[in-house]
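Worksheet: one structure, shown below.
The numbers here are math on the coordinates, done by the rules we state, and not lab data. Please read these numbers as outputs of a predicted model, since none were measured by experiment. As a convention, Cβ positions derive from the backbone with ideal geometry for all residues, glycine included, and neighbour counts pool all protein chains shown.
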Amino acid sequence: MNDIFQRMEEIEAQLLHAHTEFGSLKFKIKELLEQNQQLLIENEQLRKVLKRENGYAAVETEQRAAAGPSKEATGSTNGVGEGYDNLARLYHEGFHICNVYYGHLRMEGDCLFCLSFLSK
Ligand SMILES: [Zn+2]
């Protein structure tokens, strides 16, 4: 009978260890996802700068031709609208866009700071 209890205690210790391990893996994944998102944003911004600096005329012309005249018409309001859309998309992908937790994963559903920011 003692054997069984000893075995159970061993298993309990293993489970505790696995639980701790799992927790740190979860934390690591959260960190990696946040880092990945930040790199994506940075990459996008760098691409924009690169495009502006080097004036990739060919690419620009191609995109303009593909988008047609409708894009030209909305061109003047693009600045604010596009930025807002990007933030809204980021929020719906599960990230904070508020200045309190910006770029971090939203682990507990909606964030009141973000929502008040979106409703502005
Ligand atoms: Zn937030």
**OP:** Multiply the residue separation of LEU25 and ARG7 by 0.36 nm, subtract the distance between their alpha-carbon atoms, and state the gained length in nm to one decimal.
**Re:** 3.8 nm
Original post:
Where a Cα-Cα gap under 12 Å defines reach, which aspartates and glutamates qualify for LYS51, not counting those fewer than 8 residues away within the same chain?
Top reply: GLU60
**OP:** Give, as a single signed number, the net charge of other residues whose beta carbon lies under 14 Å from the beta carbon of GLN38, with Lys and Arg counted +1 and Asp and Glu -1.
**Re:** -4
Original post:
In whole angstrom, and with the biggest value first, how far do the Cα coordinates of the range 1-55 range along each principal axis?
Top reply: 79, 9, 6
